[in-house]
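The values are calculated or read from the model by the stated rules, or taken from the named source; none is laboratory data. What you are looking at is a predicted structure, and each value in this text was computed from that prediction instead of being measured. Using ideal geometry, Cβ is built from the backbone for each residue, glycine included, and neighbour counts are taken over all protein chains shown. Only protein heavy atoms, including side chains, enter the accessible area calculation; ligands, DNA and RNA are left aside. Shrake-Rupley method; radii C 1.70, N 1.55, O 1.52, S 1.80 Å.
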Amino acid sequence: MSKSLLIKNGTIVTAIDKYEADIYVSGEKVHTIGKDLTIKADQTIDAKNCYIFPGGIDAHTHMELPFMGTYASDTFETGTLAGLHGGTTTIIDFAIQSKGESFNTTIDKWHKKADGNAVSDYAFHLGVTNLNEETKKEIKDIVEKKGITSFKIFMAYKGALMVDDRQIVSLMNEIKNYGGIVTSHCENGDLIDELVLEARTNKNLSPKYHVLTRPDIAEAEATGRIIDIAYQGGHPVYIVHLTCETALNRVREATKRNQTVCVETCVQYLLLDESVYFLPGFEGSKWVMSPPLRKEKDREALWKGINQGLVHTVATDHCPFCMDQKKMGENDFSKIPNGAPGIEHRMELMYTYGVLENKISLNKFVEVTATNPAKIFGMFPKKGTIAIGSDADLVIFDPKINHTISVKTHHHNCDYSAYEGWKLTGKCKTIILRGSVAIDNGKSLINKGFGQYIKRSAYNKELVEEGKALAKV
Ligand code: URP
Ligand code: ZN
Ligand code: ZN
């Protein structure tokens, strides 16, 4: 017998609506939405004075990523649990190909890490570091049978992850046959490597040289380049973690020829700036990530870009390393593992510093944290909205609860917080994942392995670019 749940008196918020209604959940799905529902349920929750948001989707995470000689410190179990506490019910993690590996081996490796361990739902992008005639042949089944419909490339990290332009063209051409989309880390790797070499030669080795050797122009150049490559072939493209005005202007420029470019930024680029790299000693290493944090003008451009419809999603690029890992670069900034924790507080930070500070509306908040990632990455309307037939992934959000971010209370497996001491107004109080109460008042009620792998549909141009067709639930 499937269980049922009745959520009474909440204010439902989607990307386009805000209204008071009850939600009846049967099994894993939203069954009925209506006023004063009297249906009998196994469990009833009173959501009076609370918002009900669709479960958040973080489209950019790295759990247990092998990177720069170490591993990201959150496992699928710890990282997805942290995300769940903060209202993220689905992640899309990057399964990144190691040198010489087949794509299917990479995907198997990621399933081994995630299956039976993830607490929230999860999907994978495939990180392509070596496309050749053999790996190319794997793509059809990966899209059509394994439900991995997005492919990540890196335009930086030469010698480790970077691919050249020819491979990008070839990948785009191949995945077009099956409806995939390329997602890209845009920084000019060669330019950066020269700047890093120069800094090291001059014995400029402290964390601040991370930002000084990764200028915004390196990001803008690569952003413009991939946009042009996509345009030439008539391909969709998704820019991951866009950070700055100069890169955003390349996107803006593309709209003049009616090209749609999907753009992600991350919460840290909206809220933090480069001043942290200039803190004394090794403190700045906590925020060493690529691209780096930027300037105030860039933060402003990104907030505006969200409202202008140029920035579609807000993710985290959650890639935590503990301080003993960061210390691998104590004497050389270029050896500091790149990445920072963030998945747990994305939604609450966006609410406090976005919605409450009038940077974005409540509907926009839902759009960028849940609806757009679901649409772009082939999960809508199963995920990303509150509708009859959708998965009952729901966040009951109490806007009156104040709390403070701290390493002492967060759930990340990381010994510092990138937002230590930041005040939050509003809390993801009760989190429901596929009809089960997963978190209630800070208490976890589900076990590891509860999370399900989500097979995704092909990129739907009409849905994303023209707002036309609705995929089936
Ligand atoms: O610094 C970062 N962003 N680390 C994770 C890898 C990537 O570039 O996304
Ligand atoms: Zn990246
Ligand atoms: Zn990343």
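For region 55-384, averaging the sequence separation of C-alpha pairs within contact (under 8 Å, six or more residues apart) and dividing by the residue count gives a relative contact order of 20 percent. Here is the link list: LYS35/LYS468; LYS109/LYS137; LYS304/LYS364; LYS3/LYS146; LYS295/LYS461; LYS109/LYS461. Which ones come out longer than 22 Å on Cα distance? Where the Cα-Cα span goes over 22 Å, the pairs concerned are LYS35/LYS468; LYS3/LYS146; LYS295/LYS461; LYS109/LYS461. With angles folded into 0 to 90 degrees, how steeply does helix 216-233 sit against the dominant principal axis of the chain? Use alpha carbons for both and round to 10. Once rounded, the angle reads 70 degrees. Taking Cα atoms only, the orientation of helix 133-144 departs from the longest principal axis of the chain by about 10 degrees.
Which shape class, rounded, prolate or oblate, goes with the chain when its Cα gyration tensor gives a ≥ b ≥ c as root eigenvalues, a/c under 1.5 marks rounded, and past that a/b bigger than b/c marks prolate?
Details: a/c = 1.61, a/b = 1.34, b/c = 1.20.
Prolate, since a/c reaches 1.5 and a/b exceeds b/c.
Between amide H atoms placed 1.01 Å from N, distances below 5 Å from CYS50 occur with THR11, all of them 5 or more places distant or on a separate chain. Taking the Cα centre of the chain as reference, the dipole from Cβ charges on Lys and Arg (+1) and Asp and Glu (-1) amounts to some 800 debye. Ordering PHE450, HIS125, PRO236 by Cα displacement along the dipole of the chain toward the positive end leaves PHE450 in first place; charges were set at the Cβ atoms of Lys, Arg (+1) and Asp, Glu (-1).
Quick one: pull the percent of accessible area on region 195-241 belonging to carbon and sulfur, 1.4 Å probe, ligands and nucleic acids left out.
Numbers: 1030 of 1950 Å².
Roughly 53 percent of what the probe reaches on region 195-241 is carbon or sulfur.
Per-residue extension of 0.36 nm, minus the Cα-Cα distance of VAL407 and ASN130, leaves a gain of 95.9 nm for this segment.
Placing unit charges on the Cβ atoms of the charged side chains and taking the dipole of the chain about its Cα centre, the candidate lying farthest along the positive direction among ALA59, SER4, ALA220 is SER4. Seen from every direction in turn and averaged, the convex hull around the alpha carbons of region 323-473 projects onto 11.8 nm². Spin-label model, ASP332/LYS8: points 7 Å from Cα along the beta carbon direction are separated by 6.5 nm. Can you give the relative contact order of region 319-444 as a percent, counting alpha carbon pairs under 8 Å and 6+ residues apart? This gives 22 percent for region 319-444. Computed about the Cα centre, the dipole magnitude for region 252-338 is approximately 340 debye when only Lys and Arg (+1) and Asp and Glu (-1) carry charge, each at its Cβ. Of all DSSP bridge pairs formed entirely within the chain, close to 50 percent run antiparallel. Computed from backbone phi with θ = phi - 60° and the Karplus coefficients 6.51, -1.76 and 1.60, the 3J(HN,Hα) list for region 387-404 is 8, 4, x, 6, 4, 7, 9, 9, 10, 8, 10, 9, x, 9, 7, 9, 8, 10 Hz; x is used for glycine and proline. Here the label points at LEU205 and ASN307, each 7 Å from Cα along the C-beta direction, are separated by 4.7 nm in the simple model. Loop-only check: which GluC sites (Glu not before Pro) in region 87-148 are DSSP coil with at most 16 other Cβ within 10 angstrom? Here the sparse-neighbourhood loop sites are GLU101. Axis of helix 165-176 versus longest Cα principal axis of the chain: the two differ by about 30°, to the nearest ten degrees. Here r is the Cβ-Cβ distance between LYS145 and ASP324 and R0 is 30 Å; the resulting FRET efficiency, rounded to 0.05, is 0.15. Highest-first packing order for the peptide set 157-166, 5-14, 425-434, 371-380 is 371-380, 425-434, 5-14, 157-166, based on the mean count of other beta carbon atoms within 10 Å. The stretch between SER361 and ASP415, if pulled fully straight at 0.36 nm per residue, gains 16.1 nm over its current Cα-Cα span. In a fully extended conformation the segment linking LYS158 and GLU101 would gain 18.8 nm over its present Cα-Cα distance, using 0.36 nm per residue. Using a probe of 1.4 angstrom and keeping all protein chains present, the accessible surface of the chain works out to 38 square angstrom per residue.
Ordering LEU197, VAL261, PRO341 by Cα displacement along the dipole of the chain toward the positive end leaves VAL261 in first place; charges were set at the Cβ atoms of Lys, Arg (+1) and Asp, Glu (-1).
Given R₀ = 35 Å, FRET efficiency for GLU296-LYS448 by Cβ-Cβ distance, to 0.05? Could you put the intermediate results ahead of the total?
Working: r = 41 Å, r/R0 = 1.17.
The value I calculate is 0.30.
Taking the centroid of alpha carbons for each part, region 101-164 and region 299-346 are 21 Å apart.
Here PHE278 and LYS256 are evaluated by their C-beta separation; at R0 = 35 Å the FRET efficiency comes out at 0.40. With a ≥ b ≥ c the root eigenvalues of the C-alpha gyration tensor of region 54-208, is it rounded (a/c under 1.5), prolate (a/b larger than b/c) or oblate? Oblate shape, in that a/c is at least 1.5 and b/c is the bigger or equal ratio.
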